[in-house]
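Asker: Here you go, one structure.
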Amino acid sequence: MTYQHRAADGRELELPLGKVVCIGRNYADHALELNNPIPKEPILFIKPATSVVPMEQPFHVPVDKGAVHFETEMAVLIGETLRAANEQQAMHAIAGIGLGLDLTLREVQDQLKQKGQPWEKSKCFDGACPLSAFLSPASVNDLTDVQIRLTVNGEVRQDGNSAQMLTPVLKLLSYASHWFTLEPGDVVLTGTPAGVGPVQPGDQLRVELVDLLRVDTSVL
Ligand code: ZN
């Protein structure tokens, strides 16, 4: 399925789709629910452009590789090159704020973790990263006070606030840019709050930045 970055008003954005940079365990209560230690430094990994699909359209998940978990995350669209950037440069480089689902083959990931192997097989499959349209950064008053909520089949499953991030957004962008370059069109997923769980074909999802952005979608 073709994907193009979009603004929340429906316009297509000029930015090309690049990589998706993700942070593991950026909310203490999520680290603890999976029996992981709280990291001293951000844990970074990357989902490829081929994993991205538009969140608004019903999407497929693998059905033959064990449980697929949802992880609902605030997504940051990068508009300018960031290399060893400070937080102010990071702020100016934000082109949009949206939503991402960091879909994860949890049993596969558990096996990879046990063996000390990289997580790609669990995190990078085609369709592993549904992304919403993006709000203009000016329409988000305070990046450190955004409520992130996922409702599955009418039941609230995740309900966290960006205030709970161990590494807040600007610090995260700066940190990542000291390890590798962020380019226009890249997306940074900022971690998931507690409450992760399985998704299955037929599930109806409502994904929200509360009072800012809402996506109703479903799993095929
Ligand atoms: Zn995640």
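Here's the yes/no breakdown for (1) within 11 Å of the ligand (Cβ to nearest atom); (2) free of Cβ contacts under 8 Å to residues at least 40 places away in the same chain; (3) in contact with a Ser or Thr (Cβ under 9 Å, 6 or more places away or on another chain):
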{"position": "Ile78", "(1), (2), (3)": "no, no, no"}
{"position": "His92", "(1), (2), (3)": "no, yes, no"}
{"position": "Gly100", "(1), (2), (3)": "yes, no, yes"}
{"position": "Glu107", "(1), (2), (3)": "no, no, yes"}
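Asker: Taking into account only those residues within region 200-218 that are of a type in the set (Asp, Glu) and either under 16 Å from the mean Cα position of the chain (by Cα) or open to solvent by less than 70 Å² (accessible area, probe 1.4 Å) (or both), which is nearest to Ala163 (Cα to Cα)? Can you show your working first?
Answerer: First pass over region 200-218, keeping only residues of a type in the set (Asp, Glu): 203, 208, 211, 216.
This time we only want the ones that are either under 16 Å from the mean Cα position of the chain (by Cα) or open to solvent by less than 70 Å² (accessible area, probe 1.4 Å) (or both), so: 203, 208.
On the way: Asp203: 29, Glu208: 16 Å.
Among residues in region 200-218 that are of a type in the set (Asp, Glu) and either under 16 Å from the mean Cα position of the chain (by Cα) or open to solvent by less than 70 Å² (accessible area, probe 1.4 Å) (or both), the one nearest to Ala163 (Cα to Cα) is Glu208.
Asker: Take the residues in region 1-60 that are under 18 Å from the mean Cα position of the chain (by Cα) and of a type in the set (Gly, Ala, Ser); name whichever of them is nearest to the ligand (Cβ to nearest atom).
Answerer: Among residues in region 1-60 that are under 18 Å from the mean Cα position of the chain (by Cα) and of a type in the set (Gly, Ala, Ser), the one nearest to the ligand (Cβ to nearest atom) is Gly24.
Asker: May I pose another question? Restricting to region 61-76, and then to whatever is open to solvent by 10 Å² or more (accessible area, probe 1.4 Å) and among the β-branched types (Val, Ile, Thr), can you tell me which residue is nearest to the ligand (Cβ to nearest atom)?
Answerer: The residue in question is Val61.
Asker: Does region 141-161 contain any residue that is open to solvent by less than 60 Å² (accessible area, probe 1.4 Å), touching a helix residue (DSSP H, G or I) at 6+ places or on another chain (Cβ under 6 Å) and closer than 25 Å to Gln88 by Cβ?
Answerer: yes
Asker: Please work out which one of (1) of a type in the set (D, E, K, R); (2) in contact (Cβ under 8 Å) with a residue 40 or more places away in the chain; (3) farther than 18 Å from Glu183 by Cα is the condition Lys113 fails and give its number.
Answerer: So Lys113 meets the others, but not (2).
Asker: Just give me the residues in region 179-195 being of a type in the set (A, V, I, L, M), within 16 Å of the ligand (Cβ to nearest atom) and open to solvent by less than 20 Å² (accessible area, probe 1.4 Å), in sequence order. So that I can check it myself, show each step before the final result.
Answerer: Filtering region 179-195 for residues of a type in the set (A, V, I, L, M) gives 182, 187-189, 194.
Within this subset, residues satisfying the condition of being within 16 Å of the ligand (Cβ to nearest atom) are 187-189, 194.
Val187, Val188, Leu189 - these are the residues of region 179-195 that are of a type in the set (A, V, I, L, M), within 16 Å of the ligand (Cβ to nearest atom) and open to solvent by less than 20 Å² (accessible area, probe 1.4 Å).
Asker: Does Glu107 count as surrounded by fewer than 19 Cβ atoms within 10 Å (Cβ to Cβ) and either in contact with a helix residue (DSSP H, G or I) (Cβ under 6 Å, 6 or more places away or on another chain) or hydrophobic (A, V, I, L, M, F, W, C) (or both)? Break it down stepwise before answering.
Answerer: Working: surrounded by fewer than 19 Cβ atoms within 10 Å (Cβ to Cβ): yes; either in contact with a helix residue (DSSP H, G or I) (Cβ under 6 Å, 6 or more places away or on another chain) or hydrophobic (A, V, I, L, M, F, W, C) (or both): no.
For Glu107, the condition - surrounded by fewer than 19 Cβ atoms within 10 Å (Cβ to Cβ) and either in contact with a helix residue (DSSP H, G or I) (Cβ under 6 Å, 6 or more places away or on another chain) or hydrophobic (A, V, I, L, M, F, W, C) (or both) - is not met.
The values are calculated or read from the model by the stated rules, or taken from the named source; none is laboratory data. All values derive from a computational prediction rather than experimental measurement. Glycine gets a Cβ as well: all are built from the backbone with ideal geometry, and neighbour counts include every protein chain shown. Surface areas here come from the heavy atoms of the whole protein model, side chains and all, with no ligands, DNA or RNA. Shrake-Rupley method; radii C 1.70, N 1.55, O 1.52, S 1.80 Å.
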